[in-house]
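Asker: Here it is, the structure in full.
The values are calculated or read from the model by the stated rules, or taken from the named source; none is laboratory data. Predicted, not measured: the structure shown is a model, and the values here were computed from it. Because the Cβ atoms are built from the backbone with ideal geometry, glycine has one as well, and the counts that use them run over all protein chains shown. Protein only, heavy atoms only, side chains kept; ligands, DNA and RNA dropped before computing areas. Shrake-Rupley method; radii C 1.70, N 1.55, O 1.52, S 1.80 Å.
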Amino acid sequence: MNNKRIWLSLAHMGGHEQKFIQEAFDTNWVVPLGPNVDGFEKDLEAFLAQERHIVALSAGTAAIHLGLIQLGVGPGDEVACQSFTFSASANPIKYLGADPVFVDSEPDTWNMSPGFLREAIEDRIAKMGKKPKAIIPVHLYGMPAKMDEIMAIAREYEIPVLEDAAEAIGSEYKGRKCGTFGEFACLSFNGNKMITTSGGGALVCRTGEEAKHTKFLATQARDQAPHYQHSHIGYNYRMSNICAGIGRGQMLVLRDHVARRREINALYRKLLEDVPGVSFLVNPNADFNSNHWLTCIVVNPDVAGFSREDIRMKMEEENIETRPLWKPMHLQPVFAGTPYYGGNTAEKLFDNGLCLPSGSSLSDEDIQRVADVVRETAGKA
Ligand SMILES: *Cc1c(COP(=O)(O)O)cnc(C)c1O
């Protein structure tokens, strides 16, 4: 029996990464900054296909942090943030001494509900006498959030948007790439994301000025002077020229990786279409084009006759890695007492949802093996 471990989402090298790293070694650019960093930023700008300026950083979390700084978020401020997400969307709010206000998801995209966002803004204005300083919607699992509705509310209340596109490189909303809607956006190249630099991220900026200021903040905020002089608090957040070399290699296969993740999603849906009580996160209509970073299922135990935990434990027995959906931020011990606007959409998804192995290096046979476990649990083997 073939029982090799199937992982959720592994790094998937394209073959040209080491060439760029070798170049860095040959020219002794083994530092933050360098030709690979510039090249990677240009590749990303071309890929996003909008007038945007990219700054490569050490992590997606660092990108969110530097974005919020430039939106003026500071002590005493509030930031409206999607609750159903990974903690890195919200942590930088706290780094700045500000407080999150969590907003529930809507059931179509599993992302920020425009209705609850409006309710949150209205209520914070009533209770605090001021509106949130920024809005952080997330394109979770690669599914674009309802950006038209969210941007309309943001414009109406004149609140800037920082898009968390960490999981959504290659996803499109109305034909436009995720990460090109907000005032700022973050991308992530962590090990399990769509493409990886072993660890890294980027801030998507609207203007060259903002990009320049981001680079300044990310390299310890050194003033123009022959000696080391500082008038601002700086950070050491720049991407290294070695990591960016991996990134340049990954850019050559990004389109293939997106295509393969979409193929894997379609294959799962075909293999499991006749299993009652198991549903998928799908593009709600033609405006949405997810990269399907991870294929997610939701089990309705009343219909299915089994639970998400039944599947997850059976997968573990079969040496297959799966993961429950993100635990909403408003349920996290660290954010106890934080204001929350919404119902139980995110909570229900957390209770009943599961991420299936979706890495672009998985074979059709691997996907079949995973689907068979679900089918066996459902008595449909
Ligand atoms: C991965 C991720 C981040 C953070 O990116 P890092 O590069 O790991 O710091 C932020 N938000 C979401 C939704 C993510 O999945």
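Asker: In whole percent, how big is the carbon plus sulfur part of the accessible area of segment 255-377, probe 1.4 Å, protein atoms only?
Answerer: Solvent-exposed carbon and sulfur of segment 255-377 make up 47 percent of the total.
Asker: Next question, about the same structure. Tally the DSSP beta bridges in the chain and give the antiparallel ones as a percent, rounded to 5.
Answerer: 65
Asker: Would you mind calculating the gained length between E209 and D274 on full extension (0.36 nm times residue separation, minus the Cα-Cα distance), in nm to one decimal?
Answerer: Roughly 18.0 nm would be gained on extension.
Asker: Turning to a different aspect of this structure: Considering every pair of different Cα atoms, what Kirkwood radius, in Å, is found for segment 1-125?
Answerer: About 18.4 Å, per the Kirkwood formula over Cα pairs.
Asker: Starting from segment 127-180, pick out the trypsin sites (Lys or Arg not before Pro) whose DSSP state is loop and whose Cβ has at most 15 other Cβ atoms within 10 Å.
Answerer: K130, K174
Asker: Efficiency by 1/(1 + (r/R0)^6): what FRET value for K127 and K19, r their Cβ-Cβ distance, R0 = 41 Å, to the nearest 0.05?
Answerer: E between K127 and K19, to the nearest 0.05, is 0.15.
Asker: Could you work out what % of the accessible surface of segment 17-253 is carbon and sulfur, using a 1.4 angstrom probe and leaving DNA, RNA and ligands out of the count?
Answerer: Looking at segment 17-253 in its full context, I get 52 percent from C and S.
Asker: As a test question: what accessible area, to the nearest 10 Å², does E318 have when a 1.4 Å probe is rolled over all protein chains in place?
Answerer: 40
Asker: While we're on this one: Express the accessible area of the chain per residue in Å², computed with a 1.4 Å probe while the remaining protein chains stay in the model.
Answerer: Each residue of the chain exposes 41 Å² on average to a 1.4 Å probe.
Asker: Average the reciprocal distances over every distinct pair of alpha-carbons in segment 116-198, invert the result, and give the Kirkwood radius in Å.
Answerer: About 13.6 Å, per the Kirkwood formula over Cα pairs.
Asker: Would you kindly state how much longer the chain becomes between V282 and F306 on full extension, computed as 0.36 nm times their sequence separation minus their alpha carbon distance, in nm to one decimal?
Answerer: 6.4 nm
Asker: Name the most mobile residue of G191, G201, G175, meaning the one with the largest mean-square fluctuation, in a Gaussian network model of the chain with Cα contacts below 10 Å.
Answerer: Largest GNM mean-square fluctuation: G175.
Asker: Further, regarding this structure: Dipole of segment 255-377, Cα-centred, from +1 at each Lys and Arg C-beta and -1 at each Asp and Glu C-beta, to the nearest 20 debye?
Answerer: Using Cβ point charges on Lys, Arg, Asp and Glu, segment 255-377 gives about 440 debye.
Asker: Based only on Cα atoms, what mean projected area does the convex hull of segment 264-367 have, in nm²?
Answerer: Answer in nm², one decimal: 8.6.
Asker: Moving to a separate point now. How large are Rg and Dmax for segment 48-102 when calculated on the C-alpha trace, in angstrom?
Answerer: Over segment 48-102's Cα set, Rg and Dmax evaluate to 12.1, 37 Å.
Asker: What FRET efficiency would be calculated for the residue pair E316, R255, taking the C-beta separation as r and a Förster radius of 45 Å, to the nearest 0.05?
Answerer: Approximately 0.85, to the nearest 0.05.
Asker: Checking the table K19/K193; K133/K212; K270/K380; K146/K193; K174/K215 against a 25 Å threshold on Cα-Cα, which pairs fail?
Answerer: In this structure, K174/K215 lie more than 25 Å apart at Cα.
Asker: In segment 1-21, which residues have a backbone nitrogen under 13 Å from the label point lying 7 Å from E376's Cα in the Cα-to-Cβ direction?
Answerer: Residues 1-4 qualify, since their backbone N sits under 13 Å from the label point.
Asker: Quick check: net charge around L254, other residues with Cβ under 12 Å of its Cβ, Lys/Arg +1 and Asp/Glu -1?
Answerer: +4
Asker: Let me ask something additional. For segment 215-316, what is the largest minus smallest coordinate of the Cα atoms on each principal axis, given in angstrom and ordered from greatest to least?
Answerer: Cα spread of segment 215-316 along its principal axes, largest to smallest: 70, 32, 30 Å.
Asker: Give me P(r) over the chain, computed from all C-alpha to C-alpha distances, binned every 20 Å, as integer percentages.
Answerer: Final binned percentages: 29, 56, 15, 0.
Asker: Turning to a different aspect of this structure: Quick check for me: using +1 on Lys/Arg Cβ and -1 on Asp/Glu Cβ, what's the dipole size of the chain about its Cα centre, in debye to the nearest 20?
Answerer: So the dipole magnitude of the chain works out to roughly 500 debye.
Asker: Another question, if that's okay. Over the Cα atoms of segment 198-266, what is the Rg over Rh ratio if Rh follows Kirkwood?
Answerer: Here the Rg-to-Rh quotient is 1.16.
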